[in-house]
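What follows is a single structure, written as structure tokens, with notes after it.
The values are calculated or read from the model by the stated rules, or taken from the named source; none is laboratory data. Since the model is a prediction, treat every value here as computed from it, not as a measurement. Glycine also receives a Cβ, built like all others from the backbone with ideal geometry; neighbour counts cover every protein chain displayed.
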Amino acid sequence: MGTAVERFDDKARELFDGLGQNRVYEGELLRHRVYTRFLHWMVALWFFLALFSGFGIYLPWLFRWFTPIFGGGALSRSLHPWFGVAFVFFFGLQMLNWIKLMKWTQADTNWMRNLRNVVSGEEKLEPPDTGFFNAGQKAQFWEIVGGCVVYLITGIVLWAGAPVFGRIAVAISYVLHDLSALVMLGGIFIHIYLSTIGEPGTLQAMIRGGVSEAWAWTFHPAWFQQVTGRDPRKAYEDALRRIRAGENRS
Ligand code: HEM
């Protein structure tokens, strides 16, 4: 099973590398290839379409102004489940693409225990055993996987409605569906903040594929060590020395 997924994923990566470009400049590392980036932006597109069409159904008195974008209230209601299905479909492919990197390890449990130091910014580099994804990213990934399962089950109940599943199942599904959307939305706000302003240099990984070495040794030191064979702490201190030497000369 594992190898079939890997074979499928490898084929897709090769195919997409032929269709698009990974742009990685000197002093940078390749982080996300074309296929991963394509899936991520498909996930984001269908997520926001499902979210905005869902808002109009969830709180029509507040979000009525969203519905004309989708051709009115009735059309919003008909399109929303299809946007949701597309979101779950692309996230399913993204899950296969990332599942190996998202495996929880002891390093992730340590990262969570150390969260206060990481967030306070006292320590400039993430803990040395932080790999390709950190524990926060993995936690969010698994939250989205769980959310997709909830959307799928409750979404089918809501789609078919009370005549098929009964009123109680529909009422419970409404609550779970909306709760899942609110939890995911909260996580996505944090995700967008961290991927743009919070951790500068991250967004380009999802635009053209490359990140600076400094970004890699700062946020994912174990991954930096794995791909370059260099010690991230030493690379950071050498860079600091070079900057200070440059400042003293000028
Ligand atoms: C405009 C909105 C978004 C931006 C700017 C954005 C940006 C990014 C970037 C730059 C990364 C790469 C992080 C890294 O390599 O360390 C990433 C990863 C990821 N994105 Fe997004 N993203 C957006 C929307 C979404 C949405 C809507 C979802 C799912 C509902 C999503 C799910 C993920 C996941 C699961 C990852 C991998 C783990 C992580 O970095 O958190 N993203 N995103």
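When residues in region 47-70 are screened for being crowded, with 16+ Cβ neighbours inside 10 Å and not small (G, A, S), 11 of them pass.
Every condition in (1) within 19 Å of D178 (Cα to Cα); (2) in contact with a Gly (Cβ under 9 Å, 6 or more places away or on another chain); (3) hydroxyl-bearing (S, T, Y) is met by T36 except one, and the failing one is (1). Within region 92-114, is even one residue among the β-branched types (V, I, T), buried (at least 16 other Cβ atoms within 10 Å of the Cβ), under 28 Å from V34 (Cα atoms) and modelled with pLDDT of 95 or more? Within region 92-114, none of the residues are among the β-branched types (V, I, T), buried (at least 16 other Cβ atoms within 10 Å of the Cβ), under 28 Å from V34 (Cα atoms) and modelled with pLDDT of 95 or more.
Specify the residue that is nearest to the chain's Cα centre (by Cα); the eligible residues are those in region 25-68 that are among the aliphatic types (A, V, I, L, M) and more than 13 Å from F83 (Cβ to Cβ). Step by step, filter region 25-68, then rank; the result is L39.
Inspection of region 136-147 identifies at least one residue that is closer than 30 Å to G198 by Cβ, at pLDDT 95 or above, surrounded by fewer than 20 Cβ atoms within 10 Å (Cβ to Cβ) and aliphatic (A, V, I, L, M).
Criterion applied to A205, A169 was being at pLDDT 95 or above and closer than 24 Å to R233 by Cβ, and the one residue passing it is A205. Residues in region 167-206 that are over 18 Å from Q137 (Cβ atoms), within 14 Å of the ligand (Cβ to nearest atom) and surrounded by fewer than 16 Cβ atoms within 10 Å (Cβ to Cβ): L182 alone. The criterion of at least 3 residues that are in contact (Cβ under 8 Å) with a residue 60 or more places away in the chain, basic (K, R) and within 11 Å of the ligand (Cβ to nearest atom) is met by none of the helices (runs of 4 or more DSSP H) wholly inside region 14-109.
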